[in-house]
Amino acid sequence: MVKETVVVTRRIAESALNLLSSRFKVRLYDSDEPPGSEWLEVNIGDADGVLCMLSDKFDLDLLEKAKRLKVISSMSVGLDHIDLDAATRRGIYVTYTPDVLTDATADLTWALLLGIARRVSEAERFLRGGLWRVAWSPNFFLGSDVYGKTLGIVGMGRIGYAVAKRARGFDMRILYYQRHRLAEDREKDVGARYSALDELLSESDFVTIHLPLTEQTRGLINEARLRLMKPTAYLVNTSRGAIIDEAALIKALRERWIKGVALDVYSVEPLPKDSPLLQFENVLLTPHIGSATIETRKRMAELAAENLVAVLTGRLPLHLANPDVVRVRPLG
Ligand code: GLV
(Lines give C-alpha, C1' and ligand atoms only; values in the text may rest on other atoms or scores of the structure.)
Protein backbone atom coordinates (compact mmCIF):
# COMPACT_ATOMS: atom_id res chain seq x y z
CA MET A 1 0.00 0.00 0.00
CA VAL A 2 1.32 3.46 -0.89
CA LYS A 3 1.92 5.52 2.20
CA GLU A 4 0.30 8.93 2.46
CA THR A 5 2.57 11.96 2.28
CA VAL A 6 2.70 14.38 5.16
CA VAL A 7 4.48 17.74 5.07
CA VAL A 8 5.92 19.12 8.32
CA THR A 9 6.89 22.76 7.97
CA ARG A 10 9.40 23.03 10.81
CA ARG A 11 11.73 20.98 13.02
CA ILE A 12 9.55 19.67 15.87
CA ALA A 13 9.84 17.25 18.81
CA GLU A 14 11.33 13.87 17.86
CA SER A 15 8.40 12.04 19.50
CA ALA A 16 5.90 13.82 17.23
CA LEU A 17 7.98 13.15 14.11
CA ASN A 18 8.26 9.47 15.05
CA LEU A 19 4.51 9.22 15.40
CA LEU A 20 4.12 10.56 11.88
CA SER A 21 6.94 8.64 10.23
CA SER A 22 5.71 5.31 11.62
CA ARG A 23 2.64 5.72 9.40
CA PHE A 24 3.36 8.18 6.62
CA LYS A 25 6.02 9.38 4.25
CA VAL A 26 7.21 12.54 6.01
CA ARG A 27 8.57 15.51 4.08
CA LEU A 28 10.18 17.68 6.74
CA TYR A 29 11.38 21.24 6.35
CA ASP A 30 14.23 20.55 8.76
CA SER A 31 14.78 24.03 10.13
CA ASP A 32 13.65 26.46 12.80
CA GLU A 33 13.08 29.05 10.08
CA PRO A 34 9.85 29.15 8.05
CA PRO A 35 10.01 27.42 4.65
CA GLY A 36 8.79 30.35 2.57
CA SER A 37 5.86 30.30 0.19
CA GLU A 38 7.68 28.69 -2.77
CA TRP A 39 8.67 25.59 -0.82
CA LEU A 40 5.16 25.31 0.57
CA GLU A 41 3.56 25.69 -2.87
CA VAL A 42 5.77 22.98 -4.38
CA ASN A 43 5.47 20.53 -1.50
CA ILE A 44 1.79 20.92 -0.73
CA GLY A 45 0.77 19.84 -4.26
CA ASP A 46 0.74 16.08 -3.62
CA ALA A 47 0.54 16.09 0.21
CA ASP A 48 -2.29 14.32 2.06
CA GLY A 49 -1.64 16.18 5.30
CA VAL A 50 0.36 19.09 6.60
CA LEU A 51 1.55 19.91 10.10
CA CYS A 52 2.11 23.67 10.10
CA MET A 53 2.88 26.64 12.32
CA LEU A 54 1.03 29.90 12.86
CA SER A 55 3.48 31.72 10.59
CA ASP A 56 2.63 29.49 7.58
CA LYS A 57 -0.19 31.22 5.75
CA PHE A 58 -2.79 28.88 4.26
CA ASP A 59 -4.80 31.23 2.07
CA LEU A 60 -7.02 30.46 -0.91
CA ASP A 61 -4.09 30.58 -3.36
CA LEU A 62 -2.15 27.93 -1.48
CA LEU A 63 -5.21 25.76 -0.85
CA GLU A 64 -5.93 25.73 -4.59
CA LYS A 65 -2.53 24.13 -5.17
CA ALA A 66 -3.20 21.45 -2.54
CA LYS A 67 -4.90 18.88 -4.73
CA ARG A 68 -4.88 15.92 -2.30
CA LEU A 69 -4.84 17.69 1.05
CA LYS A 70 -7.21 16.22 3.67
CA VAL A 71 -5.89 17.82 6.84
CA ILE A 72 -4.09 20.94 8.01
CA SER A 73 -2.90 20.36 11.55
CA SER A 74 -1.70 23.61 13.07
CA MET A 75 0.67 23.54 16.02
CA SER A 76 -1.05 26.56 17.55
CA VAL A 77 -4.20 27.62 19.31
CA GLY A 78 -4.75 30.60 16.99
CA LEU A 79 -6.05 29.89 13.49
CA ASP A 80 -6.05 33.31 11.83
CA HIS A 81 -3.34 32.11 9.40
CA ILE A 82 -5.73 29.63 7.78
CA ASP A 83 -8.68 30.41 5.50
CA LEU A 84 -11.10 28.19 7.40
CA ASP A 85 -14.06 28.66 5.04
CA ALA A 86 -12.00 27.81 1.98
CA ALA A 87 -10.60 24.72 3.72
CA THR A 88 -14.09 23.59 4.73
CA ARG A 89 -15.43 24.00 1.18
CA ARG A 90 -12.60 21.79 -0.06
CA GLY A 91 -13.24 19.12 2.56
CA ILE A 92 -9.95 19.83 4.36
CA TYR A 93 -10.02 19.18 8.11
CA VAL A 94 -8.33 21.91 10.16
CA THR A 95 -7.07 20.98 13.61
CA TYR A 96 -5.29 22.94 16.33
CA THR A 97 -3.69 22.56 19.77
CA PRO A 98 -5.64 24.31 22.56
CA ASP A 99 -5.46 23.33 26.27
CA VAL A 100 -1.85 22.14 26.26
CA LEU A 101 -0.54 25.71 25.98
CA THR A 102 -3.02 27.43 28.29
CA ASP A 103 -0.88 27.51 31.41
CA ALA A 104 2.38 28.42 29.68
CA THR A 105 0.66 31.36 27.98
CA ALA A 106 -1.02 32.49 31.19
CA ASP A 107 2.37 32.32 32.92
CA LEU A 108 3.98 34.51 30.27
CA THR A 109 1.10 36.98 30.57
CA TRP A 110 1.90 37.25 34.26
CA ALA A 111 5.62 37.59 33.59
CA LEU A 112 4.81 40.54 31.30
CA LEU A 113 2.30 42.08 33.69
CA LEU A 114 4.70 41.94 36.64
CA GLY A 115 7.61 42.90 34.43
CA ILE A 116 6.02 46.09 33.15
CA ALA A 117 4.54 47.06 36.53
CA ARG A 118 7.92 46.70 38.25
CA ARG A 119 9.98 47.93 35.28
CA VAL A 120 12.06 44.75 35.25
CA SER A 121 13.55 44.93 31.75
CA GLU A 122 14.03 48.69 31.97
CA ALA A 123 15.91 48.23 35.26
CA GLU A 124 18.05 45.48 33.78
CA ARG A 125 18.93 47.63 30.78
CA PHE A 126 19.94 50.36 33.22
CA LEU A 127 22.17 48.05 35.25
CA ARG A 128 23.82 46.36 32.26
CA GLY A 129 24.34 49.80 30.74
CA GLY A 130 26.63 50.66 33.69
CA LEU A 131 24.29 53.37 34.96
CA TRP A 132 23.75 52.08 38.53
CA ARG A 133 25.73 54.55 40.68
CA VAL A 134 23.65 55.08 43.84
CA ALA A 135 23.15 51.90 45.88
CA TRP A 136 19.61 52.59 47.05
CA SER A 137 17.41 55.62 47.08
CA PRO A 138 13.77 56.18 48.04
CA ASN A 139 12.65 57.34 44.62
CA PHE A 140 14.72 54.97 42.54
CA PHE A 141 12.96 52.93 39.80
CA LEU A 142 9.51 53.15 41.29
CA GLY A 143 6.93 50.97 39.63
CA SER A 144 3.32 50.19 40.51
CA ASP A 145 1.76 47.77 42.96
CA VAL A 146 0.02 44.79 41.42
CA TYR A 147 -1.65 43.22 44.44
CA GLY A 148 -5.06 44.60 45.32
CA LYS A 149 -5.47 46.33 41.94
CA THR A 150 -8.16 45.83 39.28
CA LEU A 151 -7.40 43.43 36.44
CA GLY A 152 -9.49 43.64 33.26
CA ILE A 153 -9.46 40.48 31.16
CA VAL A 154 -10.67 40.91 27.59
CA GLY A 155 -11.52 37.43 26.36
CA MET A 156 -12.28 34.89 29.10
CA GLY A 157 -11.60 31.67 27.22
CA ARG A 158 -9.14 29.06 28.42
CA ILE A 159 -6.15 31.41 28.64
CA GLY A 160 -8.06 34.40 30.05
CA TYR A 161 -9.50 32.13 32.71
CA ALA A 162 -6.06 30.76 33.62
CA VAL A 163 -4.82 34.36 33.96
CA ALA A 164 -7.76 35.07 36.30
CA LYS A 165 -6.91 32.04 38.46
CA ARG A 166 -3.40 33.38 38.97
CA ALA A 167 -4.74 36.86 39.80
CA ARG A 168 -6.42 35.51 42.90
CA GLY A 169 -3.01 35.06 44.47
CA PHE A 170 -2.54 38.82 44.09
CA ASP A 171 -5.88 39.69 45.73
CA MET A 172 -7.04 41.48 42.62
CA ARG A 173 -10.49 42.64 41.68
CA ILE A 174 -11.20 40.93 38.36
CA LEU A 175 -13.41 42.26 35.58
CA TYR A 176 -13.86 40.38 32.35
CA TYR A 177 -15.42 41.03 28.99
CA GLN A 178 -16.33 38.75 26.13
CA ARG A 179 -19.40 38.24 23.99
CA HIS A 180 -20.93 35.55 26.18
CA ARG A 181 -21.10 35.68 29.92
CA LEU A 182 -19.66 32.70 31.83
CA ALA A 183 -21.84 30.47 33.99
CA GLU A 184 -22.19 31.89 37.49
CA ASP A 185 -20.18 29.14 39.19
CA ARG A 186 -17.29 29.65 36.74
CA GLU A 187 -17.32 33.38 37.57
CA LYS A 188 -17.44 32.65 41.29
CA ASP A 189 -14.54 30.18 41.16
CA VAL A 190 -12.16 32.95 40.13
CA GLY A 191 -14.09 35.88 41.62
CA ALA A 192 -14.57 37.61 38.25
CA ARG A 193 -17.30 40.11 37.40
CA TYR A 194 -18.77 40.41 33.89
CA SER A 195 -18.39 43.92 32.52
CA ALA A 196 -19.00 45.97 29.40
CA LEU A 197 -15.76 46.54 27.48
CA ASP A 198 -15.75 50.31 27.93
CA GLU A 199 -16.37 50.03 31.67
CA LEU A 200 -13.59 47.44 31.97
CA LEU A 201 -11.17 49.72 30.13
CA SER A 202 -11.95 52.75 32.25
CA GLU A 203 -11.83 50.90 35.60
CA SER A 204 -8.88 48.55 35.22
CA ASP A 205 -5.31 49.12 36.40
CA PHE A 206 -4.16 46.28 34.14
CA VAL A 207 -5.89 45.27 30.93
CA THR A 208 -4.90 41.96 29.34
CA ILE A 209 -6.11 40.70 25.96
CA HIS A 210 -6.95 37.03 25.32
CA LEU A 211 -9.10 37.00 22.20
CA PRO A 212 -8.71 35.17 18.90
CA LEU A 213 -8.07 37.40 15.89
CA THR A 214 -11.23 37.57 13.76
CA GLU A 215 -12.91 40.19 11.61
CA GLN A 216 -14.81 41.24 14.76
CA THR A 217 -11.74 41.59 16.99
CA ARG A 218 -9.31 43.16 14.51
CA GLY A 219 -8.55 46.68 15.77
CA LEU A 220 -10.93 46.25 18.73
CA ILE A 221 -8.59 48.19 21.01
CA ASN A 222 -8.65 51.36 18.92
CA GLU A 223 -7.91 54.99 19.69
CA ALA A 224 -11.30 55.68 21.31
CA ARG A 225 -10.94 52.65 23.58
CA LEU A 226 -7.33 53.42 24.50
CA ARG A 227 -8.48 56.88 25.53
CA LEU A 228 -10.84 55.27 28.05
CA MET A 229 -7.95 53.74 29.98
CA LYS A 230 -6.55 55.40 33.10
CA PRO A 231 -3.24 57.27 32.69
CA THR A 232 -1.89 54.97 35.41
CA ALA A 233 -3.02 51.76 33.69
CA TYR A 234 -1.02 49.11 31.81
CA LEU A 235 -1.95 47.12 28.73
CA VAL A 236 -0.74 43.56 28.13
CA ASN A 237 -1.24 41.50 24.96
CA THR A 238 -0.23 37.86 24.46
CA SER A 239 -2.96 36.97 21.93
CA ARG A 240 -2.65 38.56 18.48
CA GLY A 241 -1.10 41.93 17.68
CA ALA A 242 -3.75 43.11 15.23
CA ILE A 243 -6.40 43.19 17.98
CA ILE A 244 -4.77 46.45 19.08
CA ASP A 245 -4.60 49.31 16.57
CA GLU A 246 -0.81 49.71 16.74
CA ALA A 247 -0.75 53.25 15.33
CA ALA A 248 -3.24 54.33 18.01
CA LEU A 249 -1.16 52.56 20.65
CA ILE A 250 1.95 54.46 19.61
CA LYS A 251 -0.03 57.71 19.84
CA ALA A 252 -1.25 56.68 23.30
CA LEU A 253 2.34 56.06 24.41
CA ARG A 254 3.62 59.34 22.92
CA GLU A 255 0.85 61.33 24.55
CA ARG A 256 0.98 59.30 27.78
CA TRP A 257 -2.66 58.24 27.88
CA ILE A 258 -1.49 55.06 29.59
CA LYS A 259 1.40 54.18 31.86
CA GLY A 260 2.96 51.24 30.07
CA VAL A 261 2.51 48.37 27.65
CA ALA A 262 3.77 44.79 27.54
CA LEU A 263 3.48 42.92 24.26
CA ASP A 264 4.33 39.44 23.02
CA VAL A 265 2.51 39.82 19.69
CA TYR A 266 2.49 42.41 16.92
CA SER A 267 0.52 43.28 13.82
CA VAL A 268 3.67 42.48 11.80
CA GLU A 269 5.99 39.70 13.02
CA PRO A 270 8.92 39.75 13.39
CA LEU A 271 8.53 43.30 14.72
CA PRO A 272 10.18 45.60 12.14
CA LYS A 273 13.51 47.00 13.37
CA ASP A 274 12.24 50.55 12.86
CA SER A 275 9.02 50.06 14.87
CA PRO A 276 8.38 53.13 17.06
CA LEU A 277 7.45 50.67 19.84
CA LEU A 278 11.17 50.05 20.33
CA GLN A 279 11.73 53.67 21.36
CA PHE A 280 9.73 53.64 24.58
CA GLU A 281 11.28 52.69 27.94
CA ASN A 282 7.82 51.91 29.33
CA VAL A 283 7.15 49.19 26.75
CA LEU A 284 8.17 45.61 27.46
CA LEU A 285 8.52 43.51 24.32
CA THR A 286 8.96 39.77 23.86
CA PRO A 287 9.09 37.92 20.49
CA HIS A 288 5.87 35.83 20.43
CA ILE A 289 6.95 33.29 23.05
CA GLY A 290 3.64 32.75 24.87
CA SER A 291 3.75 28.95 24.64
CA ALA A 292 7.53 28.65 24.43
CA THR A 293 8.47 26.19 27.15
CA ILE A 294 10.20 22.87 26.50
CA GLU A 295 7.32 20.89 27.98
CA THR A 296 4.55 22.82 26.24
CA ARG A 297 6.12 22.83 22.78
CA LYS A 298 6.61 19.05 23.03
CA ARG A 299 2.96 18.56 23.99
CA MET A 300 1.84 20.88 21.18
CA ALA A 301 3.88 18.97 18.60
CA GLU A 302 2.56 15.62 19.83
CA LEU A 303 -1.02 16.83 19.87
CA ALA A 304 -0.65 18.27 16.36
CA ALA A 305 0.74 14.92 15.17
CA GLU A 306 -2.10 13.01 16.89
CA ASN A 307 -4.72 15.27 15.33
CA LEU A 308 -3.20 14.70 11.90
CA VAL A 309 -2.96 10.93 12.35
CA ALA A 310 -6.60 10.83 13.47
CA VAL A 311 -7.90 12.47 10.30
CA LEU A 312 -5.73 10.44 7.92
CA THR A 313 -6.77 7.20 9.64
CA GLY A 314 -10.45 8.08 9.43
CA ARG A 315 -11.09 9.18 13.01
CA LEU A 316 -12.35 12.50 14.34
CA PRO A 317 -9.43 14.50 15.77
CA LEU A 318 -9.47 15.75 19.33
CA HIS A 319 -9.52 19.40 18.24
CA LEU A 320 -11.34 20.15 15.03
CA ALA A 321 -11.64 23.85 14.12
CA ASN A 322 -14.11 23.45 11.25
CA PRO A 323 -16.72 20.85 12.30
CA ASP A 324 -18.84 21.60 9.19
CA VAL A 325 -16.20 19.85 7.12
CA VAL A 326 -17.61 16.52 8.27
CA ARG A 327 -20.62 17.09 6.00
CA VAL A 328 -18.44 18.04 3.05
CA ARG A 329 -16.13 15.04 3.36
CA PRO A 330 -17.17 12.44 5.96
CA LEU A 331 -14.33 10.45 7.47
CA GLY A 332 -13.79 6.74 7.02
C1 GLV B 1 0.30 31.11 19.60
O2 GLV B 1 0.21 32.28 19.40
C3 GLV B 1 -0.67 30.14 19.19
O4 GLV B 1 -1.65 30.51 18.53
O5 GLV B 1 -0.48 28.96 19.52
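The values are calculated or read from the model by the stated rules, or taken from the named source; none is laboratory data. On a predicted model such as this, the values are computed, not experimentally measured, just so you know. Cβ: placed from backbone, ideal geometry, glycine included. Neighbour counts: every protein chain shown. Only protein heavy atoms, including side chains, enter the accessible area calculation; ligands, DNA and RNA are left aside. Shrake-Rupley method; radii C 1.70, N 1.55, O 1.52, S 1.80 Å.
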Q) Around residue 73, which amide H atoms from residues at least 5 apart in sequence, or from another chain, sit under 5 Å from its own amide H, with H modelled in the peptide plane? A) 50, 51, 52, 95
Q. Can you tell me the Rg and Dmax of segment 161-263, counting just the alpha carbons, in angstroms?
A. 13.6, 42
Q: Return the Cα extents of segment 1-83 along principal axes one, two and three, sorted largest first, each rounded to a whole Å.
A: 30, 26, 21
Q. Among 257, 110, 132, which one moves the most in a GNM of the chain with springs linking Cα atoms closer than 10 Å?
A. 132
**Q.** Karplus 3J(HN,Hα) series, Hz, for segment 143-154 with 6.51 cos²θ - 1.76 cosθ + 1.60 (x for Gly, Pro)
**A.** x, 10, 4, 10, 4, x, 8, 9, 10, x, 10, 9
Q) With all protein chains present, how much of the accessible area of segment 220-332 (probe radius 1.4 Å) comes from carbon and sulfur, to the nearest whole percent? A) 55
Q: Along each of the three principal axes of the Cα atoms of segment 86-200, give the extent in whole Å, ordering the values from largest to smallest.
A: 64, 36, 25
Q: Please give the per residue accessible area of segment 236-328, computed with a probe of 1.4 Å over protein heavy atoms only, in Å².
A: 48
Q) Taking N as the number of residues in segment 102-285, what is its alpha-carbon radius of gyration divided by 2.2 N^0.38 Å? A) 1.02
Q: Extending each Cα 7 Å along its Cβ direction at residue 198 and residue 179, get the distance between those two points in nm, one decimal.
A: 2.1
Q | Karplus 3J(HN,Hα) series, Hz, for segment 265-276 with 6.51 cos²θ - 1.76 cosθ + 1.60 (x for Gly, Pro) | A | 9, 9, 5, 10, 10, x, 4, x, 4, 9, 4, x
Q | Distance histogram in 10 Å bins (all Cα pairs of the chain, percent per bin) | A | 5, 24, 29, 22, 14, 4, 1, 0
Q.
Spelling out what I want: for every residue of segment 212-222, take phi, set θ = phi - 60°, compute 6.51 cos²θ - 1.76 cosθ + 1.60 (Karplus), and round to whole Hz; glycine and proline get x.
A. x, 8, 9, 4, 6, 9, 4, x, 4, 8, 9
Q | Accessible area per residue in Å² at 1.4 Å probe, computed on segment 24-159 | A | 49
Q. If you place +1 on the Cβ of every Lys and Arg and -1 on the Cβ of every Asp and Glu, how big does the dipole about the Cα centre of segment 102-285 come out, in debye to the nearest 20?
A. 260
(Q) Once the convex hull of the alpha carbons of segment 1-154 is built, what does its volume come to per residue, in cubic angstrom? (A) 177
Q) Taking Cα atoms, how many degrees apart are the long axis of helix 102-117 and the longest axis of the chain, rounded to 10 and kept between 0 and 90? A) 30
Q: Putting +1 on Lys and Arg Cβ atoms and -1 on Asp and Glu Cβ atoms, find which of 211, 290, 182 reaches farthest to the positive end of the dipole of the chain.
A: 182
Q: Please compute P(r) over all alpha-carbon pairs of segment 273-332, binned at 10 Å starting from zero, and give each bin as a whole-number percent.
A: 18, 29, 19, 19, 13, 2
